[in-house]
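See below for the structure under consideration.
The values are calculated or read from the model by the stated rules, or taken from the named source; none is laboratory data. Because the structure is predicted, anything quoted here is derived from the model rather than measured. Cβ placement follows ideal geometry from the backbone for every residue including glycine, while neighbour counts extend to all protein chains displayed.
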Amino acid sequence: MRMVGRIFYLMISKPLLLLFYLLTPIVLIIVINQFFEEGQKQVGIPIIVIDEDHTELSETIVHRLKNMEGNVRFVERNFEQAQKLLLQNEVDSVFVIKEGFHDSLITEQKKEMIEIWLSPYSLAYGIVREVIASEVMRYSSDVKAANDVIKYYDKHRVPYESDEQLWKDAYEYTEQQWIPKPLMTINYEQDEGLIQPDGTLLEKDQVDFNLKIWVFFTLFIIFLSCDWLVRERHLFSRIKVSYHGLSRYVIQKSTVLFIVHSSQATLSFLLFYKSRSLNEFLAMILFIILSLSIGVVIATFFGRKESYYIASLFIAILLLSSGSGNLPLSLEMNWMTDVLSWSPINVFIESFYSLSWLYHVWLLFLSVFFLGIGLWKLRVTYD
């Protein structure tokens, strides 16, 4: 503990470096979001809607989407072009109204008749989804009301001209109740109703944009903070034969860095994720441990700071790209998607959103594994 206190004292004696570690990810999240919002005001978010049903209902939904207020720009493309643009991250999302959509509403059959494909950085997905879901709710309510009127008349043997005319009158009457204000609003749930994400082209779940920014810059800054392993290499031979030993020295130094970076994670959680549970906070803390462990491993392979910094940036980008389906993989490369699903970044993202403790355990296991490799590499090098 005395060694940890001494190292921590040396750390706080450099206030600018300490502030850099504590505030950089937070400041960058705020700046990037501000910059992104300004960009959205000037350029609309591109979205593709493909109408395969070609009915009055589907055309009405497409028309209302095109007249939406907000920073959304609709692009007309065919099925193949939409796939290509989405895989290249040139559009925000694609909504496909499948053939049979109108018939499924008329017969009150809940089928997955609208597919949603998302880019990894989808921003307008929630807005457009709510509009489509509201329209589906509107027309399905009209249809259900008209069908119920027919059933009521038949049950009580109320005379009427024809099924078709009665159904039409009931439908039009219900439709008028939505004007000028809706009968109801909805809290859309992803796993229910007619709208389902496709999940076959890119990631199934939308990952929070702020979280990705935090992951990248936290990972990179932690790698930078591990440069002491490169700067102090000339001391390791003497430290190895000292009372504390090299492994203990590395662990104690990493403990101080863990305290500093965990403080940054705590501030980030309170600023951006305070409405979430402690489960997410624990995932962020475990990610700090994992990043430090990976940083230790990387640093053991380099003797020059410049080379280490370049490698750190490259590896941080590579790890982020491998997480949560960010690589533009084709449908034929599902095996690669399965492999990448267990990458460190993807495991963290899953642990952040999942209620299962399995991912937390896996994060801890990866941390111990990488730290063990780093300590083993140091022992082999300085034997």
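Some notes on this structure:
- Contacts under 8 angstrom Cβ, first residue in the stretch 149-172 being part of a helix (DSSP H, G or I), partner exposed (fewer than 10 other Cβ atoms within 10 Å of the Cβ), 6 or more apart: none
- Candidate set from the stretch 76-112 (those that are without any contact (Cβ under 8 Å) to a residue 24 or more places away in the chain and either part of a loop (DSSP other than H, G, I, E, B) or under 30 Å from Glu164 (Cβ atoms) (or both)); member that is nearest to the chain's Cα centre (by Cα): Gln109
- Any hit, the stretch 329-338, residues being part of a helix (DSSP H, G or I), under 22 Å from Leu87 (Cα atoms) and at pLDDT 70 or above: no
- So Leu23, is it surrounded by fewer than 17 Cβ atoms within 10 Å (Cβ to Cβ), at pLDDT 85 or above and either aromatic (Phe, Trp, Tyr) or not in a strand (DSSP E or B) (or both): yes
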